[in-house]
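The values are calculated or read from the model by the stated rules, or taken from the named source; none is laboratory data. Since the structure is predicted, the reported quantities are computational estimates derived from the model, not experimental observations. Because the Cβ atoms are built from the backbone with ideal geometry, glycine has one as well, and the counts that use them run over all protein chains shown. Ligands, DNA and RNA are stripped out before the accessible areas are found, and what is left, the full protein with its side chains, is counted by its heavy atoms. Shrake-Rupley method; radii C 1.70, N 1.55, O 1.52, S 1.80 Å.
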Amino acid sequence: MFHLVARASFKFSIVSTDHSHPMQTMTNEIQKLKTEGNAFFVQKKYFEACAKYSEGILLGADDNPILYANRAACRIAMSLYMDALEDARKATEIDPTYPKGWFRLASALEGIGQYAQSVTMYEKTIKVLSELPTPPIALKKECEVNLARARKAVVPWTGRPEHGIEVKIDSGLLPWQAAEKILSESSVVSRSVCSLPRSLSVRHQVESFLKSAWSIFFANKDFMEASGKLKEMKRVGTSENLQTVKARLGVLEDMSNALLRDSRVFRVQESDFLMKLNDQVRSEANHFKAWSPETGPEILQGEVMKRLWKEGWDSVRPALTHIVRHWIIAGYVISRVVNNFQLGVEFHRNALNMINWGRKVWKDVPKSERGVIFDLSFRRGVWNMYLDTLIGASAHVGIEDLVLLETIFAEADALLQDLEKNPYDPNDFDHPDPGFKLSFFETIKGNAFASKALYHNMLGNFGKDQKVETVRKHYTSAMELYILAAACLPEDDENHPWYLNCAYNFMETANAPTSLVMDVLEKIRISVPTMQKIWCQNPSHTKKFREDVYVKLLKIEEHAKSLIAHEVITLEGPFNWSIIKTLPLV
């Protein structure tokens, strides 16, 4: 299921070093591994600590709750909450009287935003502690603090989006409707849509025509396929049991394909949409015998290999494909609809990790066996969504989270390297549609450049604590990267002029020459009318503040042209920002 919850901050606690519990008997070798793991944990070397605890479990301590609880603590510290859940549950199953097993379970649930369930587990921890002869005071106090925090974070789910991706369908054309109208009015495009596959010459001609329209058109086609199948779902009984739901297969495939192509087509138009989607996920999971979405990648990898050996690819491929596509959709819904970016990041990271693992382990296995989810373009689409969710998370935690900012920069840079290493070649794909290149190459490249620009923008915002030259360097880099980002997108994409506007905002600090300022302003002026044909037809999709910005920039360009004509400023010289600031813009 999608676990529709809200987001909150989270903190971690020390691993167990207590030796008094009756279940905590270990051999000397395992005890040594535990001690080494604890030492690594104190040093915040969580990966190394996790490895020590895992080694102890493999050596025969698979019935010891301490090692599982300690490994759960490491995974919580590394934000691997789903793997932590498995470890914590294992600890509580082995010994229900061991309080730290329940505490880790509560902490992991809180980490993924499952606050109502975490409240229950914190209460369970306190109950178990109260039954001990000498309960640890520090653990009890920490549990009470966390319990109070989790209770405050519980938000009842109303069945409606918290930050609606809801649209008005009766007040003008929506972007996908405008795109379809524009494409249908072109004879070249109409013929091409009806005659796929095409020759390379025709394909190139079509791809160069209003590419944002192509991207949104085909993404919406997938979304409507999914929505249509979802509407056919029927309950054949009154029970909530899975057996009472009659649903068509393929919803997750179509929905995830739509999100990978262009997530802007996702919308919620009916009050029961998300509930139906949850039912659909359960129905398809039951059909394909898929693993639980709460299964972390490390544990899932072991389960996949076991099933592959026993049942073969015909069993593994659909089940693994299901959970990866589930993570893709759930990550988007949880972050963008419910506003839980913390869990959204983990879902998308898990999907990407499983894909990367599979590409490495099964690099010689044909696509027909391992499945489409391991294709380069599919991986790149998931990677792009992961990066986008990280950026969404940064907007919620603030610029103080330097680790998150560094992660964004590193992922964006790695994504650009991947695009450079594997450039677009239409011959590598089976009849790619006209929007394929934009969806899986150009847009992703633009998003990666914009992500690196955001990194420099955020670091520059620490200006009060930095040297002026340091701020200038960050803002100059942000300006240059936003210009590169805009260049990757077609003029009719809403982000093309917006990225140029972002670049313009840094030009004064970057001491940009007049020629560059005027070039950016001209590109914005040319792009906006074309972009508005698709993205501003419906008031519910119009970003009013952006329209106001473009009106202001148009007036700035007109005034700057007048200054150039009267030789107040020159194209070769510096831009006169002081005069522009005195310009009445309203």
Problem set entry | Solvent-accessible surface (1.4 angstrom probe) belonging to D548, in square angstrom, nearest 10 | 80
For this session: From largest accessible area down, sort R248, R307, R380, R472; use a 1.4 Å probe on the protein chains.
Result: R248, R472, R307, R380
For this session: Calculate the length of the line joining the C-alpha centroid of the stretch 342-418 to that of the stretch 257-317, in whole Å.
Result: 17
Exercise. For K543, which aspartates and glutamates qualify as cross-link partners when the Cα separation must be under 12 Å and same-chain residues fewer than eight apart are set aside?
Worked result: E494
Exercise. Between K306 and I137, what is the FRET efficiency for a Förster distance of 41 Å, r being their Cβ-Cβ separation, to the nearest 0.05?
Worked result: 0.45
For this session: Would you check the accessible area of I57, probe 1.4 Å, heavy atoms only, in square angstrom rounded to 10?
Result: 20
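Restricting everything to alpha-carbon atoms, can you work out Rg to Rh for the stretch 341-452 with a Kirkwood hydrodynamic radius?
1.00
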Seminar exercise, completed: When every protein chain stays in place and a 1.4 Å probe is rolled, V154, V528 sorted by accessible area with the largest first are V154, V528
Seminar exercise, completed: Taking a probe of 1.4 Å and leaving out DNA, RNA and ligands, the stretch 239-347 shows per residue an accessible area in Å² of 36
Seminar exercise, completed: In this structure, the FRET efficiency calculated for I526 and K581 from their beta-carbon separation, with R0 = 35 Å, to the nearest 0.05, is 0.90
Seminar exercise, completed: Taking 0.36 nm per residue of separation between E469 and D314 and subtracting their Cα-Cα distance, the length gained on full extension comes to 49.8 nm
Exercise. If you look for lysine pairs in the stretch 265-369 that are eight or more places apart or on different chains, how many of them have Cα atoms under 30 Å apart?
Worked result: 12
